[in-house]
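This report concerns only the one structure given below.
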Amino acid sequence: MAPIPISSIKVGQIDDVQELRKTKPTIIPERFVRDMAERPTLAPAMPCSSDIPTINFSKLSKGSKDELKSEISQLAAACEHWGFFQVINHGIDLSLLESIEKVAKDFFMLPLEEKKKYAMAPGTVQGYGQAFVLSEDQKLDWCNMFALGVEPNFIRNPLLWPTEPEKFSGTVEVYSKEVRKLCENLLKYIAMSLGLKGDVFEKMFGETVQAIRMNYYPPCSRPDLVLGLSPHSDGSALTVLQQGKDTSVGLHILKDDRWVPVKPIPNALILNIGDTLEVLTNGKYKSVEHRAVTHKEKDRLSIVTFYAPSYEIELAPMEELVDENNPCKYRRYNHGEYSKHYVTNKLQGKKTLEFAKISNQKLELVNEGPI
Ligand SMILES: COC(=O)C(/C=C/C1=C(C)CCCC1(C)C)=C/O[C@H]1C=C(C)C(=O)O1
Ligand SMILES: O=C(O)CCC(=O)C(=O)O
Ligand SMILES: [Fe+2]
């Protein structure tokens, strides 16, 4: 997946929000100020909810037959009605969660000059900076990001793996292996929740793609004017999100047309369904739009893993999930092409998935059958 030529993209000035916060703590440059319709309504006006479902992973992996059955049906409900859930007892060592949080935070605390050694080039999504900025007039997120392609090896850019903090790269490797195992296992249970064979995704996905993105949201003097991260759905099959301990609530998901804040359970991981699973399940399990907001006094860190199929594979709704009551809603496409489309467009709700959607007009024709 080649990046688009750098010379063709003009992104204008992108202020580093940590530096802004240090030097001009009360000034919000115009490029960060959202149009009225996009501005967040913040707590306490909003009900704070920890209502996204909780999945007890140990009941899936080592529970009794009855526990497995009941947890699988909870998983089915979580995927079908929420697209987001918190996983407790996920089996990843808490000390590893602490280590990744520490190296991520230490990285963001480095001087700007050091971080700039790993600067994200315009039109690409790896390195330090702001991804998905593709024009000079595009609004910016109140966030610094650092992203790396992890697997397979060919998506890695070794020049972007930091030498400082010393333990950064080693910790990312170990953490990514553990999160990978969790994704593989959860995909097995998700397949079972659909009444399919447990290995269906593993067999279909080929050499899976995995990337990690660390998002650092410094405090913002006007959290009512800005967004930490623009609304979007993830292009992955599954996304795993770890939130920094003691950081503010910042993730919002769109549920029944309302933004619902997600209150993290300590030590749990947040999982969400990405666009790939939406397509494969013919919309039974949907990717859900989400965003991040900022806080007046507190900073926030999130560490996000995207787990996706090989760029080589062709995707289309699985035949078991298509019938006359559920006509095929997405076309067949190559996942590498979708990835390219995803990373070369700004984050804008679920707009990216239109790439794969069969339009309503065409759907009607399909339903009516041959004339
Ligand atoms: C908000 O989403 C992302 O930042 C993102 C980026 C992922 C990637 C990298 C950081 C490195 C190169 C590979 C990849 C594009 C996966 C989302 O990833 C989603 C989007 C697609 C498509 C996908 O497969 O995962
Ligand atoms: O920081 C968050 O809570 C959201 C991060 C996210 O959605 C992403 O990186 O794709
Ligand atoms: Fe996301």
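The values are calculated or read from the model by the stated rules, or taken from the named source; none is laboratory data. Treat the numbers as computed from the prediction; the structure is a model and nothing was measured. For neighbour counting, all protein chains shown are included, and Cβ atoms are generated from backbone atoms with ideal geometry for every residue, glycine included. Remember, those area values only see protein heavy atoms, side chains included, never the ligands or the DNA or RNA. Shrake-Rupley method; radii C 1.70, N 1.55, O 1.52, S 1.80 Å.
Couple of notes before you dig in:
- Apart from one condition, ASP246 fits all of (1) modelled with pLDDT of 95 or more; (2) on the phi > 0 side of the Ramachandran plot; the exception is (1).
- Scanning the stretch 262-275 for residues that are over 15 Å from ALA308 (Cα atoms) and either open to solvent by less than 10 Å² (accessible area, probe 1.4 Å) or without any contact (Cβ under 8 Å) to a residue 24 or more places away in the chain (or both) yields VAL262, PRO266, LEU269, ILE270.
- Filtering ASN345, ASN334 for residues that are within 22 Å of GLY149 (Cβ to Cβ), surrounded by fewer than 22 Cβ atoms within 10 Å (Cβ to Cβ) and modelled with pLDDT of 95 or more leaves a single hit, ASN334.
- VAL279 vs. criteria within 14 Å of ligand 3 (Cβ to nearest atom) and of a type in the set (A, V, I, L, M): no
- Residue identified as in a helix (DSSP H, G or I) and within 16 Å of ligand 3 (Cβ to nearest atom) among TYR338, TYR307: TYR338
- Residue within the stretch 268-277 that is farther than 16 Å from CYS183 by Cβ, in contact with a strand residue (DSSP E or B) (Cβ under 8 Å, 6 or more places away or on another chain) and modelled with pLDDT of 95 or more present: no
- For the stretch 276-292, a tally of residues being in contact (Cβ under 8 Å) with a residue 60 or more places away in the chain and in contact with a Cys (Cβ under 9 Å, 6 or more places away or on another chain) returns 6.
- Complete set of residues in the stretch 255-280 that are under 21 Å from SER73 (Cβ atoms) and within 16 Å of ligand 1 (Cβ to nearest atom): ILE270, LEU271, ASN272, ILE273, LEU277, GLU278, LEU280
- Checking each residue in the stretch 223-248 for being within 9 Å of ligand 1 (Cβ to nearest atom) and of a type in the set (Asp, Glu) picks out only ASP234.
- Residue selected from the stretch 290-317 under the condition more than 29 Å from LYS177 (Cβ to Cβ) and over 16 Å from the mean Cα position of the chain (by Cα), by the criterion surrounded by the most Cβ atoms within 10 Å (Cβ to Cβ): THR294
- Count - residues of the stretch 276-289 that are within 12 Å of ligand 2 (Cβ to nearest atom) and either open to solvent by less than 10 Å² (accessible area, probe 1.4 Å) or over 13 Å from the mean Cα position of the chain (by Cα) (or both): 1
- Hits in the stretch 138-153 - residues which are open to solvent by less than 10 Å² (accessible area, probe 1.4 Å), in a strand (DSSP E or B) and not aliphatic (A, V, I, L, M): ASN144, PHE146, GLY149
- Annotation note: of LYS188, LYS197, LYS167, LYS177, the sole residue that is within 19 Å of the chain's Cα centre (by Cα), surrounded by fewer than 20 Cβ atoms within 10 Å (Cβ to Cβ), more than 16 Å from ligand 3 (Cβ to nearest atom) and farther than 27 Å from SER8 by Cα is LYS177.
- If you filter the stretch 229-259 down to residues that are more than 11 Å from ligand 3 (Cβ to nearest atom) and small (Gly, Ala, Ser), you find that the one that is farthest from VAL343 (Cα to Cα) is SER248.
- Scanning the stretch 15-34 for residues that are aliphatic (A, V, I, L, M) and open to solvent by less than 40 Å² (accessible area, probe 1.4 Å) gives VAL17, LEU20, ILE28, VAL33.
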